[in-house]
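K.L.:
Dumping the structure here so I can ask a few things about it.
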Amino acid sequence: MKITDVKTYVTNPGYRNFVYVKILTDEGIHGIGEAYSIGPDLATVKTIEYFKDWLIGEDPTRVEYLWTKLYNYSRFPGGSILYSALSGIDFALWDITAKSLGVPVYKLFGGPTRDKVWLYGKPVGKTHEALVECALAERERYGFSAIKTFLPFLEGKGPSIKRLENNFSALRNALGDDYQIAIDFHARVLEPATALTMAQVIEPMHPFFIEEPLKPENMGMMAALKAKMKAPLATGECLYTKFEFNDLIKADAADILQPDLFVSGGFTEGRKIAAMAEANYKNIAPHHPVSPLATYINVHFALSISNFLILEFQNDDVPGRRELLTDVLKVNNGYIDPPTAPGWGVELNEAYIEAHPYKSWTRPFIKNHDGSIGIV
């Protein structure tokens with residue numbers, strides 16, 4: 001079997017772009033993948049198109065070989081654009097390989113490692129009252145036993161220690177002691193002392209984990225903070241490849257690793273990151289803010305590794321998401337059951353995707369109270 005073509009699609013169903021890859025072969029088997037939507041998404045498309053000539057004529061089931069070819073021959077260390085492109089291609093190759101053997105992707109790796117994949121919800125609300133109401137509604141609808149929230153910055157304000165304590169307490173009281181509540185500082189706290197104080201305020205209420213309490217660039221500072229925290233520290237969505245995660249692990253700067261497979265190197269690299277984490281007693285909780293195809297891929301990933309903890313949930317069964325694929329995965333009492341069809345178990349709805357073309361978009365431009373540039 002040989003690769004005959006590599007196609008790309010960029011679609012915007014109304015709120016951000018999604019970047020897809022489709023690889024065709026001379027045996028009529030094709031594979032699909034997704035690259036992370038980082039903002040300059042047309043640059044990611046151009047990078048995938050640049051790699052096309054490196055792939056034509058190759059055997060798509062030589063996934064490790066082709067990953068190494070794209071990585072090594074790029075010569076210089078990549079960033080979000082290159083690794084998003086590489087990730088999207090990697091996913092499509094695994095889809096082809098599994099389809100050619102008639103099995104789901106996770107079965108290529110001795111899976112499934114579990115009976116179902118645990119999810120956490122992400123309720124939204126501008127006040128803690130609205131947040132509690134949304135969390136209770138999601139628990140009723142999906143059966144969640146865990147959520148992640150963005151409490152320090154409710155009401156569009158900077159971190160207030162007292163407001164954080166009150167908001168977390170309101171959630172804990174509403175959801176109960178057995179409910180897992182994670183909190184995301186979103187790397188917006190620049191001072192380690194402030195981050196530690198914020199952590200210490202909520203630690204008596206047993207947060208599931210505290211995500212990105214600091215910006216991820218300085219792993220030494222993150223490690224120093226982790227050594228003083230009692231709650232688990234989670235980070236990783238802004239890191240690329242096994243090499244940066246190796247630095248994070250060696251620094252002992254996190255308890256829970258959160259690779260985003262769609263920008264960190266794909267399924268191939270994600271499993272290596274997971275293996276490194278396993279050897280150092282660290283769990284994996286993948287970052288997942290993108291499309292329903294990413295849900296499928298993350299579920300297969302969770303089913304293929306031993307140290308998976310929990311998956312970030314995106315509600316795929318809503319307008320603007322459910323139409324992107326031929327089907328979406330359903331939530332059953334806070335979990336997703338293993339897909340059973342070959343490959344990822346789903347196909348792109350190309351007609352819908354082509355009817356909703358690329359649009360330029362940005363993340364919110366956030367300014368601090370004094371007008372200086374804030375952190376997104």
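K.L.:
For the pair Val124 and Ile161, what calculated FRET efficiency results from E = 1/(1 + (r/R0)^6), where r is the Cβ-Cβ distance and R0 = 30 Å, to the nearest 0.05? Mind showing how you got there, number by number?
P.N.:
On the way: r = 22 Å, r/R0 = 0.75.
Efficiency for this residue pair is about 0.85.
K.L.:
Another one. Under the rule of -39500 (n - 2.57) per DSSP H run of 4 or more residues, summed and divided by the residues of the chain, what mean residue ellipticity at 222 nm is obtained, to the nearest 500 deg cm²/dmol? Could the numbers behind the result be given before it?
P.N.:
Details: 12 runs with 146 residues, N = 376.
The per-residue figure over the chain is -12000 deg cm²/dmol.
K.L.:
Over all directions, average the projected area of the Cα convex hull of the range 225-300 and note it in nm².
P.N.:
4.9 nm²
K.L.:
No solvent, one uniform scatterer per C-alpha: report log10 I(q)/I(0) for the range 3-103 via the Debye equation at q = 0.11 1/Å, two decimals.
P.N.:
Here log10 of I(q) over I(0) equals -0.30.
K.L.:
Under unit Cβ charges (Lys, Arg +1; Asp, Glu -1), what dipole magnitude, rounded to 20 debye, does the chain have relative to its Cα centre? Don't jump to the answer; show the numbers that get you there.
P.N.:
Numbers: 38 positive and 45 negative charges, 109 e Å.
With Lys and Arg at +1 and Asp and Glu at -1, about 520 debye.
K.L.:
Right, another one. Setting aside same-chain residues fewer than 8 positions from Lys250, which aspartates and glutamates have a Cα under 15 Å from its Cα?
P.N.:
Output for Lys250: Glu217, Glu278.
K.L.:
Write down the percent of antiparallel bridges among all DSSP beta bridges whose residues are both part of the chain, to the nearest 5.
P.N.:
Counting DSSP beta bridges with both partners in the chain, the antiparallel share is about 55 percent.
K.L.:
How high is the relative contact order of the chain, given as a whole-number percent (alpha carbon pairs under 8 Å, six or more residues apart)? Intermediate results must be reported in sequence, preceding the final value.
P.N.:
Details: 768 pairs, mean separation 76.2, N = 376.
Over the chain, the number comes to 20 percent.
K.L.:
Which of the trypsin sites (Lys or Arg not before Pro) across the range 61-129 are loop residues per DSSP, with 10 or fewer other Cβ within 10 Å? Before the final figure, lay out the partial values.
P.N.:
Numbers: sites: Arg62, Lys69, Arg75, Lys99, Lys107, Arg114, Lys116, Lys126; in loops: Arg62, Arg75, Arg114, Lys116, Lys126.
Passing sites in the range 61-129 are Arg75, Lys126.
K.L.:
Highest mean first, what order results for 359-371, 289-301 on Cβ atoms within 10 Å? Let's see the in-between values first.
P.N.:
On the way: 359-371: 9.4, 289-301: 25.5.
Put in order of decreasing packing, that is 289-301, 359-371.
K.L.:
Also: Testing the spin-label approximation: label points 7 Å from Cα along Cα→Cβ at Leu42 and Glu217. State their distance in nm.
P.N.:
2.8 nm
K.L.:
So how far apart, in nm, are the two label points at Glu354 and Tyr15 if each is 7 Å from Cα heading toward Cβ?
P.N.:
Modelled inter-label distance: 2.7 nm.
K.L.:
If you filter the range 204-311 for trypsin sites (Lys or Arg not before Pro), then keep DSSP loop positions with at most 13 other Cβ within 10 Å, what is left? Display every interim value, and only then the final one.
P.N.:
Numbers: sites: Lys226, Lys228, Lys230, Lys242, Lys250, Arg271, Lys272, Lys282; in loops: Lys230, Lys282.
Listed in order of number, the matching sites are Lys230.
K.L.:
Take the cross-link list Lys116/Lys330; Lys215/Lys367; Lys122/Lys330; Lys116/Lys242 and give me the ones stretching past 21 Å between alpha-carbons.
P.N.:
Values: Lys116/Lys330 12 Å; Lys215/Lys367 17 Å; Lys122/Lys330 16 Å; Lys116/Lys242 26 Å.
Listed pairs above 21 Å: Lys116/Lys242.
K.L.:
Now for a different question. Within the chain, which is the longest segment containing none of the GluC sites (Glu not before Pro) that sit in a DSSP loop and have at most 14 other Cβ atoms within 10 Å?
P.N.:
Working: sites that count: Glu27, Glu217.
Segment 28-216 is the longest.
K.L.:
Another question about this same structure. Exactly which chymotrypsin sites (Phe, Trp or Tyr not before Pro) in the range 74-144 are in a DSSP loop and have at most 16 other Cβ atoms within 10 Å? Walk me through the intermediate numbers first.
P.N.:
Values: sites: Tyr83, Phe91, Trp94, Tyr106, Phe109, Trp118, Tyr120, Tyr142, Phe144; in loops: Phe144.
Answer in residue order: no site qualifies.
K.L.:
Distance from a point 7 Å along Cα→Cβ of Arg363 to each backbone N in the range 282-326: keep the residues under 12 Å and list them by number.
P.N.:
289
K.L.:
Taking the Cα-to-Cβ direction at His206 and at Thr4 and moving 7 Å from each Cα, how far apart do the two end points lie in nm?
P.N.:
Result for the modelled spin labels: 5.9 nm.
K.L.:
Which of the lysines could a cross-linker bridge to Lys46, judged by Cα under 20 Å and excluding same-chain residues fewer than eight apart?
P.N.:
Lys7, Lys22, Lys69, Lys359
K.L.:
Same structure again: Which whole-number percent of Cα pairs in the range 186-276 have a distance greater than 21 Å? Before the final figure, lay out each step's value.
P.N.:
Numbers: 1178 of 4095 pairs.
Distances greater than 21 Å cover 29 percent of the Cα pairs.
K.L.:
A further question follows. How long is the gain from Ile373 to Asn332 if the chain were fully straight, where each residue apart is worth 0.36 nm and the alpha carbon distance is subtracted? Intermediate results must be reported in sequence, preceding the final value.
P.N.:
Working: separation 41, 0.36 × 41 = 14.76 nm, distance 4.19 nm.
The span from Ile373 to Asn332 would gain 10.6 nm if fully extended.
K.L.:
Size of the chain along its principal axes in angstrom, Cα-based, largest extent first?
P.N.:
Projected onto the principal axes, the Cα atoms of the chain cover 62, 43, 42 Å.
We did not get these values from a lab; they are worked out from the coordinates using the rules stated. No experiment lies behind these values; they were computed from the predicted model shown. So basically every Cβ, Gly included, is an ideal-geometry build from the backbone, and we count neighbours across all protein chains shown.
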